[in-house]
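Participant: For reference, the structure I am asking about is given below.
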Amino acid sequence: MKKQYKLGVIGAGFMARAIVKGAVYSDFIKPKKIIASDLSDEALAAMGELGVQCTKNNRDVAENCEYLLFAVKPQHFADVAESLRGVPVEKAISIMAGVRKATVRDALFEKNTKVARAMPNLPCSVGAGMVALDAEDFSDDIDDGAFVVSLFDCSGNVISVPEEKLNAVTGISGSGPAYVYLFLDGLIRAGVRQGLSEDEAKTLAINTVAGGVEMVARSEDKSLDELVSAVCSKGGTTIQAVDSFRRDDLAGVIDRAVDACVKRAEELSH
């Protein structure tokens, strides 16, 4: 039987709204074909601004949608699943960090539920996100597979990865924007200490990082080491900063931070 809504969303937080916003603004799904639930009046009000149907009843969402997106905090999923007891869920999509597809099926008491698992990141909210996606359960149906990929494609770039790599993805792209913001903050603060105004330092830092990233994207024939060397000259200024980074083991600092993030994702998986 055809469902009233194409997409149902349980959890109307920032990331859920980013995904729905991308789908609606790109005209992939009409707002009237989306329903979302949350316990927060504030979250529902923000989601409602996109023109979608809103409710506090999770069962209303699950019973009336074709694809059900779980966008709640991992620690709240058990309670959400319990609220759906007895509701058959055929097609589920999860953006819950660390929650395995098997866990979703078991919690829903549905062995045959198809589950896609995705790890989107914050820039999805401005259409520049990165999403790693395991949609293997939907590979036997072209339309289902295309829907899941397109849903996330509306708000960023999508790559397909097997589920066992998603915790690593969390450590790189899922949490990665925070690392970039920390680095930018450090550059801005350093610029201010060197006599720049905060606005000047912020403009310089943001555009330098954005330009550096764009150059990497356009320089497929060059390694990152080659690009670093291209900025440095023997006895010049840049090499002094690069050598300082190396003495302080910047690569090790990053590796240890990512490792801590991935370990937490693995803890959530058990």
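Participant: Give me Rg over Rh for region 5-162, both radii from the alpha carbons and Rh done the Kirkwood way, two decimal places.
Facilitator: 0.92
Participant: What percent do you get for the relative contact order of region 5-162 when only Cα pairs under 8 Å and 6+ apart count?
Facilitator: Reported relative contact order: 23 percent.
Participant: Residues with amide H under 5 Å of Gly156's amide H, sequence separation 5 or more or different chain, H placed in the peptide plane at 1.01 Å from N; which?
Facilitator: Result for Gly156 returns Gly129.
Participant: Distances longer than 22 Å among the Cα atoms of region 113-270: what percent of all pairs is that?
Facilitator: For region 113-270, the fraction of Cα-Cα distances above 22 Å is 57 percent.
Participant: Across every pair of different alpha-carbon atoms, what Kirkwood hydrodynamic radius in Å does region 176-268 reach?
Facilitator: Mean inverse Cα-Cα distance, inverted, gives 15.3 Å.
Participant: For Met47, Met15, which order do you get if you count the other beta carbons within 10 Å of each Cβ and list the fewest first?
Facilitator: With the fewest neighbours first, Met47, Met15 line up as Met15, Met47.
Participant: Based on the Kirkwood radius over alpha-carbon pairs, what is the Stokes-Einstein translational diffusion coefficient of region 218-270 at 4 °C with 1.567 mPa s viscosity, in µm²/s?
Facilitator: This corresponds to a translational diffusion coefficient of 95 µm²/s.
Participant: Within 12 Å, Cβ to Cβ, of Asn207, how many net charges do the neighbouring residues add up to if Lys/Arg are +1 and Asp/Glu are -1?
Facilitator: Value of the local net charge: -1.
Participant: Also, I was wondering about something else. Would you work out the relative contact order for the chain, in percent, from Cα pairs under 8 angstrom that are 6 or more residues apart?
Facilitator: Here the relative contact order equals 15 percent.
Participant: Provide the net charge surrounding Val216, with neighbours chosen by a C-beta distance below 15 Å and charges set as Lys +1, Arg +1, Asp -1, Glu -1.
Facilitator: Cβ neighbours under 15 Å give a net charge of -3.
Participant: Thinking of the chain as a set of Cα atoms, what percent of all their pairs are more than 27 Å apart?
Facilitator: When every Cα pair of the chain is considered, 46 percent fall beyond 27 Å.
Participant: Here's something else I'd like to know. Are there trypsin sites (Lys or Arg not before Pro) in region 1-55 that DSSP puts in a loop and that have at most 13 other Cβ atoms within 10 Å, and which ones?
Facilitator: Sparse-neighbourhood loop trypsin sites (Lys or Arg not before Pro): Lys2.
Participant: Could you tell me the ratio Rg/Rh of region 1-60? Both radii from Cα atoms, Rh via Kirkwood.
Facilitator: Using Cα coordinates only, the ratio equals 0.94.
Participant: Based on the alpha-carbon gyration tensor of region 198-239 and its eigenvalue square roots a ≥ b ≥ c, which shape applies: rounded if a/c is under 1.5, prolate if not and a/b is larger than b/c, or oblate?
Facilitator: Verdict is oblate for region 198-239.
Participant: What does the net charge come to around Pro162 if you take all other residues with beta carbon closer than 13 Å to its beta carbon, with K and R at +1 and D and E at -1?
Facilitator: Here the charged neighbours net out to -1.
Participant: Charges at C-beta only: +1 for Lys and Arg, -1 for Asp and Glu. How large is the resulting dipole of the chain about its Cα centre, in Debye rounded to 20?
Facilitator: Dipole of the chain, to the nearest 20 debye: 380 debye.
Participant: What share of the DSSP beta bridges in the chain is antiparallel, in percent to the nearest 5?
Facilitator: So the antiparallel bridges amount to about 10 percent of the total.
Participant: Would you work out if region 87-141 is rounded, prolate or oblate? Take a ≥ b ≥ c from the square roots of the eigenvalues of the alpha-carbon gyration tensor; rounded if a/c is under 1.5, else prolate when a/b is larger than b/c, oblate otherwise.
Facilitator: Here region 87-141 falls in the prolate category.
Participant: If you build a Gaussian network model of the chain, linking Cα atoms that sit under 10 Å apart, which residue out of Val158, Val209, Val228 swings the most?
Facilitator: Val228
Participant: Could I ask something else about it? If you filter region 164-240 for GluC sites (Glu not before Pro), then keep DSSP loop positions with at most 15 other Cβ within 10 Å, what is left?
Facilitator: Glu220
Bear in mind these aren't lab numbers, they're just calculated from the coordinates by the rules spelled out. Just so you know, these numbers come straight off a predicted model, no measurement behind them. All Cβ positions, glycine included, derive from the backbone under ideal geometry; neighbour counts span all protein chains shown.
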